[in-house]
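Trainee: Structure provided below as C-alpha cells; questions to follow.
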Amino acid sequence: MTRIISSFFWIILIAISTVSCVSGKKFKDVQDKSRQFMDERDNFKTGNIQLEMANRELEAEAASLRAKISKADEELEKARKERDNAIDEFSRITSQYNDLQNAHEELIKGNVKETQKLLTELQAARADLQQKEDILRQLEANLDSKKASLDELNFELQKRNERLVELEKVLDAQKKIALDLKNKVSDALLGFENNGLTVTQKDGKVYVSLDEKLLFKTASWDIDANGRNALKKLAGVLEKNPNIQVTIEGHTDNVPYNPGNSQLKDNWDLSVKRATTVVRVLLEGSRINPRRLTASGRSEYVPVDDRDTSDARQKNRRTEIILTPDLSELYELINKY
C-alpha cells in the first residue's frame with residue numbers, strides 16, 4: 001500500500017514539472033489521470049481499512065479457536081487418563097476374576113465331600129423349613145379358628161352386656177317401685193312402726209312384720225282392734241297399688257301348740273290359721289282382688305332368733321306380710337334370652 005502511494009506522488013511531481021512544456025490537452029489528460037489515481041488511492045484506503053477490520057475479526061476468531069483447541073486438548077488428555085485408568089481397572093478386575101475362577105475350580109476339584117455335606121445339610125434345612133411352614137400354616141388355621149370363636153364370644157358378650165343393661169334398668173325400676181311402696185306403707189303405718197310393726201325392703205320386696213302382741217293373743221288367731229286398724233291402713237295402700245302381689249306368712253315359736261279341745265292340732269295349724277285370718281281382714285270392705293293374696297303357715301321353722309329364750313320366742317311369734325312388685329317385665333326379659 002505504501003509503495004502505491006509513493007508512485008502516485010511521483011506521477012504528480014512529473015505532471016507538475018511538465019506543465020509548462022505540454023499543451024492544454026495534454027494537461028487535461030494529466031489532470032484526468034491524477035484524479036483517477038486519487039480515486040484509486042481512496043479506494044485503496046477504503047480497501048485497506050476493510051482488510052484491517054477483517055484481519056482483526058480473523059485474529060479474534062483465531063484466538064477463540066486456539067482457546068477451544070486448548071480446551072479440547074485438555075479434555076482429550078483427561079479422556080486419555082480416564083481411558084488408561086479404565087484399562088488398568090479392567091486389567092485388575094480381570095486378574096481378580098481369573099484368580100477367583102481358579103480358586104473356584106480348585107475348590108470344586110478338592111472339596112467334593114464338603115460340597116456334598118453342604119448339599120445334605122441344605123436339603124435337611126429345607127425339609128426342616130418345610131416342616132416349620134406346615135406347623136405355621138396349622139397354627140395360622142388354628143388362630144383363624146380361635147379368632148372366629150373369639151368373634152362369636154365377643155358378639156355373645158355384647159349381647160349379654162346389652163341384656164345386662166336392660167336387666168339393670170328393669171331392676172332399678174323394680175327397686176324404685178319397691179322403695180316407693182315401702183315409703184307408702186311406712187307413711188300409712190306411721191303410728192305403728194316401732195310399736196310391734198316394722199317395714200323393711202329386701203331383694204326388691206317390702207316386708208311388713210307384725211309382732212304377735214300387735215295382732216293376736218297367745219295361742220289365739222283372733223285379731224284385736226289395734227291390729228285390725230293397722231291391717232285396714234295397709235289394705236288402703238294395697239287398693240291403690242293393684243300390681244302388688246301379697247303373701248301372708250304366719251310364724252310361731254318352738255313351744256308345741258296343745259290347747260286341749262281346740263280344733264287346731266299343732267303350730268302348723270296355728271300359723272296357717274293366723275295367716276288366713278289376716279287375709280280375711282285385708283279383704284273385708286276393700287276392693288283388693290283376692291287373687292293377689294296368698295296365705296301360708298311356716299310354723300316354727302323360719303325363726304328370726306335361734307336362741308332358746310323367752311325374748312327370742314317372742315320375736316319368732318310374728319306375722320309377715322310380703323309385698324312383691326310386678327316382676328313380669330323382668331321375667332319376660334330373662335325368658336327372651
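The values are calculated or read from the model by the stated rules, or taken from the named source; none is laboratory data. Note that the structure is a prediction, hence the values are computed from the model and not measured. FYI the Cβ positions are ideal-geometry reconstructions off the backbone, even for glycines, and counts take in every protein chain you see.
Trainee: Among the helices (runs of 4 or more DSSP H) lying completely within the range 217-323, list those that include at least 2 residues that are in contact with a helix residue (DSSP H, G or I) (Cβ under 6 Å, 6 or more places away or on another chain) and small (G, A, S).
Mentor: Details: elements: 225-240, 267-283, 310-316.
Ranges flagged: 225-240.
Trainee: Does the range 166-177 contain any residue that is in contact with a strand residue (DSSP E or B) (Cβ under 7 Å, 6 or more places away or on another chain), assigned to a helix (DSSP H, G or I), of a type in the set (G, A, S) and more than 16 Å from V246 (Cβ to Cβ)? Break it down into steps so the answer makes sense when it comes.
Mentor: Within the range 166-177, the first condition is being in contact with a strand residue (DSSP E or B) (Cβ under 7 Å, 6 or more places away or on another chain), and the residues that meet it are none.
No, the range 166-177 contains no residue that is in contact with a strand residue (DSSP E or B) (Cβ under 7 Å, 6 or more places away or on another chain), assigned to a helix (DSSP H, G or I), of a type in the set (G, A, S) and more than 16 Å from V246 (Cβ to Cβ).
Trainee: Of the residues that make up the range 233-252, is at least one surrounded by fewer than 16 Cβ atoms within 10 Å (Cβ to Cβ), acidic (D, E) and farther than 19 Å from R318 by Cβ?
Mentor: yes
Trainee: Please go through (1) over 26 Å from L171 (Cα atoms); (2) surrounded by fewer than 19 Cβ atoms within 10 Å (Cβ to Cβ); (3) in contact (Cβ under 8 Å) with a residue 24 or more places away in the chain for N226 and return the number of the only condition it doesn't satisfy.
Mentor: Answer for N226: the failing condition is (3).
Trainee: On to the next question. Six or more apart or on different chains, Cβ under 7 Å: which pairs go from a residue in the range 34-59 that's without any contact (Cβ under 8 Å) to a residue 40 or more places away in the chain to one that's surrounded by 10 or more Cβ atoms within 10 Å (Cβ to Cβ)? Could you list them?
Mentor: S34/I12; S34/A15; F37/F8; F37/I11; R41/I5; R41/F8
Trainee: Give me the pairs, please: first residue somewhere in the range 197-216 and farther than 15 Å from I248 by Cα, second residue anywhere and at pLDDT below 90 and of a type in the set (F, W, Y), beta-carbon distance under 9 Å, and either six or more positions apart or on two chains.
Mentor: L214/F192
Trainee: Name the residue, out of L190, L181, that is touching a residue at least 60 places away in the same chain (Cβ under 8 Å) and closer than 30 Å to N226 by Cα.
Mentor: Working: L190 fails: touching a residue at least 60 places away in the same chain (Cβ under 8 Å).
The unique qualifying residue is L181.
Trainee: Do you know which of the residues in the range 220-232 that are closer than 16 Å to R317 by Cβ and in contact with a Phe, Trp or Tyr (Cβ under 9 Å, 6 or more places away or on another chain) is modelled with the lowest pLDDT? Quick ask: steps written out before the conclusion?
Mentor: Initially, the range 220-232 is screened for residues closer than 16 Å to R317 by Cβ, giving 220-224, 227.
Remaining after also requiring in contact with a Phe, Trp or Tyr (Cβ under 9 Å, 6 or more places away or on another chain): 222-224, 227.
On the way: D222: 91, I223: 93, D224: 88, G227: 91.
The selected residue is D224.
Trainee: Hey, another quick one. Which one of these is of a type outside the set (F, W, Y), closer than 30 Å to L323 by Cα and either surrounded by fewer than 10 Cβ atoms within 10 Å (Cβ to Cβ) or out of contact with any Leu (no Cβ under 6 Å at 6 or more places or on another chain) (or both): Q174, Q131, Q158? Before the answer, list the steps.
Mentor: Working: Q131 fails: closer than 30 Å to L323 by Cα; Q158 fails: closer than 30 Å to L323 by Cα.
Of the residues listed, the single one that is of a type outside the set (F, W, Y), closer than 30 Å to L323 by Cα and either surrounded by fewer than 10 Cβ atoms within 10 Å (Cβ to Cβ) or out of contact with any Leu (no Cβ under 6 Å at 6 or more places or on another chain) (or both) is Q174.
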